[in-house]
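Worksheet: one structure, shown below.
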Amino acid sequence: MFLIFDTETTGLPKNYKAPVSDSDNWPRMVQLAWQLHDVNGKLIKAQNFIVKPNGFDIPIGVSNIHGVTTERALRDGHDLELVLTEFLADLQQTTYVVGHNVEFDINIVGAEFFRTSIENNLANLKVLDTMLSSIDYCALPGGRGGGFKFPSLTDLHTKLFGKGFGDAHDAAYDVDATGRCFFGLIANRIIHVKEITNADLVTYEAPTLAEANFEHHKQDTASTTLNTDTKVSDELVNVPFVHLHNHSEFSILQSTTKVYDLIKKAKQLGMEAVALTDHGNMMATFHFVRDAIKEGIKPIVGCEFNLCNNRLDKNIKDDGFQTVLLAKNKKGYENLIKLASYANTEGFYYVPRIDRELLLKYKSDIIVLSGGIWGEVPNKILFEGIKQAEEALLWWKEHFGDDFYIEINRHGVSEEVDINKVLLDFAKQHQIKCVAANNNYYMNKEDAESQDVLLCIRDGKYVSQPKKYIGAKGREFRFGFPNDEFYFKSPDEIKMLFADLPEAILNTKEIADKIEVFPLEREVLLPKFDIPEEFKDPLDEENPKAKIGENNYLRYITYKGAEERYKEITDELKERIDFELEVIKKTGYPGYFLIVEDFIREARKMGVSVGPGRGSAAGSVVAYCTGITNIDPIKYDLLFERFLNPDRVSMPDIDIDFDDDG
C-alpha cells in the first residue's frame, strides 16, 4: 500500500532541522489530505480534512496562499484529534508514505502527533519522495555545487505530462497531482518498488475532488484600487507632510533614486524635511546631510536594518524583519553608524543584519517606525498571526516608548488593507501614534519600469518572467513590485490617500520636529605627526593650523633625500623642490607626506615589498626625495600639478602597493 499525503499550514518553520518536539518551531496544520492506493494504483480511500484552529489563528498572508481562512476553518474544520486518528488508521495499513518534499509534511504531522500525545508509526514507515527521486529525471540546471535543482511539483508534472496542474497549495489537489506523478515515475522506471513486478500494469486511479479552497477564498493578492478622490479636510490643507521612508541608489540594485534628486524633489514640493533610510548601510549619509543643509531642507538621517533573531548565527538563513530607524541627533547618528558597521561585519549573512541585543545596546536617541510589509509587526500580522504581531508591537513600545510609531502604507497592495486594519486597532488599543508613509524606491511614477529592471539585474532574472511581491515565489516567479506606487509622492497626493487619518499626516511633522540638525562636513582631520624636538615651533601651540614645525621637518628630510637621490642640487632642482614645498605648505598637507613617508620607510625596514608608486603622485619631487616613490619626475618630465594644485586644493592621494605576504 502507498499512502500519498500533503499538508497546508500556518506558515514555515524557523528551523527545518528542529525535532518535532519543538512545538514553537513547527507551524500548525490547517489541512491534511491523503490517498491510499494499492500496488496497481487502485484508489482505496481518499480523505481531505480542514483542521479547526484551537488556540491559534491562520495568518492572512498564509490564507492568501492556500485559501483556508480562520473563519472557514472554524466553520468547516474538524477537531485535530479526529483528523489524526483517521490518518493514523490508514497509516497502519500502508507500507510506504509518499509525498513531494515529504520530509516537511512528515514533520508537520509528527509535530501535531507530539502536541496531542498520540502514539503513531509515521516515523517507522518507508518514505518515497517524488521530489528527490526526480532530480536527475527533470534535470533542472542551477542547483547547488553545479548540480540540478530540486524540481517543484509543477516542474515534475510538466515534465511527465506536458502541462502543469490547477489549484496548487490545496492539499487535496496537491495529493492528486503527487499521486499522478508518483505512478508516472513508476511507469517511466524512475522509481522502483519491489512490490511492483510489472510497471506496465500500474494505472493511477484519481479521486473525485471537492471544490478547491480558493473557490471559498477569492481574493486578488496583486493590487487594489487606491482611493484618490477623498476630499482633504481643511485641517490638513496647510499641514506639512514629511517623507520618512526613502531609499536611494545606495540601496544597491533596489532603488534608482539619486541622493541629490531626492533633496531637489523635496524642495520643489515645498517640504521642510526629508528622511533617507537605505537598506543596511549609511554610505549616502554624508552627501545627503551636506546637500540637504545647503538646500535649506532638514535632513533626517536613518537606515532600514534587517533585524534577525541572532546576528551571530550563520547556520540558518534568517534575513530578519526590515526595521526603519531614525536618528534624533548626532548621538543617534553615531549609534546608527555603529549598528550599520556591526550589521555589515559580524552580522552579515546574505544581508547585513542586527539583532535585539545589539539594537538595545545602541538604542539611545533613535526613533523607530514599524516599517512596511516586511517590518516585524506587519509581517507577523500577515504570516504568523495577530497574537504574535501584538507581542512584537508591545516589545517595541516597551523599549522605545513615545519614539516608536506605527507606520501606515497605502501603495494599493491588497495585503496592506488587512494589515492596516489590524495596525490601526493596535494603535488605538495601545495608544501608539501612527504615521503616514510611502516606501519610496524611485522618484517619479514613470521610473517604476527602470526600478523593475534594476531588480532583475540584482536577481539575475528576465523582465519577461512573471513577478510576485509577497509569498513563496518558486522558480516560476521573480521578485518585483506589484504596481507603480512606490514613488516620491507630493504632499497633496499623500493627503488624499490619508484623508481619513489626519493624525498620521500630523505625526510626520511631530517626528521631524524631534530631529536636531547636525552637519557632518568638516575639515580633513589627520593624525598629529610627532616631529623631532629641534624642528618644533612655539607658534604651532598658538595656531595649530600653521604647521610650521611639520613644514620645517618635511623641508629637512626632502633636501636630505635630494642629496642622496641627485648628488648635486642644481638651481632648477632647488626651484622645483621649493615650489612643491610651498604648495604643500599652502594646502596644509605637510603632515600627510610625513605620515606616508613614515610607514613606507618602516615597511621597507621590515622587508615588505613596496611598489614604486602609481598615479599622479609620481609627479612629485618631494615624494621622490622622501622615498615615498621611486620614480624620478625630473628625468621623465612629470608634472606636479596633476598631483597637487595650488588653484584647486584637494586632499592628496598617493597610491602605494604593498605585497600581501611581505
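The values are calculated or read from the model by the stated rules, or taken from the named source; none is laboratory data. This one's a predicted model, so the numbers in the text were calculated from it and none came from an experiment. Side chains included, ligands, DNA and RNA excluded: accessible areas come from the protein's heavy atoms. Shrake-Rupley method; radii C 1.70, N 1.55, O 1.52, S 1.80 Å.
A few points about this structure:
- Under 18 Å from K421, Cα to Cα: lysines that are on another chain or at least 8 residues apart: K380, K387, K433
- Across the range 502-584, Cα pairs under 8 Å and at least six residues apart give a relative contact order of 17 percent.
- Expressed as a whole percent, the proportion of Cα-Cα pairs in the range 53-126 lying more than 14 Å apart is 68%.
- Normalised by 2.2 N^0.38 Å, where N counts its residues, the alpha-carbon radius of gyration of the range 516-655 equals 1.09.
- Cα Rg over Rh - the range 327-461, Kirkwood: 0.99
- Orientation-averaged projected area, Cα convex hull of the range 322-374 (nm²): 3.6 nm²
- Antiparallel beta bridges, as assigned by DSSP with both residues in the chain, represent about 50 percent of the total such bridges.
- Given the choices [x] 1.04; [y] 1.11; [z] 1.00, Rg/Rh (Cα atoms, Kirkwood Rh) derived from the coordinates of this structure is entry [y].
- In this structure the range 532-641 gives 55 Å² per residue of accessible area when probed at 1.4 Å with all protein chains present.
- Under 20 Å, Cα to Cα: Lys pairs in the range 226-313, sequence gap 8 or more or different chains: 9
- Cross-link pairs beyond the 25 Å C-alpha cut-off, checked among K361/K528; K328/K361; K17/K397; K14/K461: K361/K528; K17/K397; K14/K461
- Whole-number percent relative contact order across the chain, with pairs defined as alpha carbons under 8 Å at least 6 apart: 10 percent
- Only lysines eight or more places from K567 in sequence, or on another chain, were considered; those with a Cα closer than 25 Å are K605, K635.
- Angstrom value of the Kirkwood radius, inverse mean 1/r, which spans all Cα pairs in the range 418-559: 21.6 Å
- Alpha-carbon centroid distance for the pair the range 1-57 / the range 151-186, whole angstrom: 17 Å
- Rounded D (µm²/s) - the range 363-440, Kirkwood Rh over Cα pairs, Stokes-Einstein at 10 °C, 1.306 mPa s: 128 µm²/s
- Accessible-area composition of the chain, carbon plus sulfur, in percent [1.4 Å probe]: 50 percent
- Solvent exposure of the range 403-523 as accessible area per residue, Å², 1.4 Å probe: 44 Å²
- Coarse-grained scattering of the range 386-478 at q = 0.18 Å⁻¹, given as base-10 log I(q)/I(0) from a Debye sum over alpha-carbon atoms: -0.94
- Orientation-averaged projection of the range 602-662 equals 4.6 nm² [convex hull of Cα atoms, one quarter of hull surface area].
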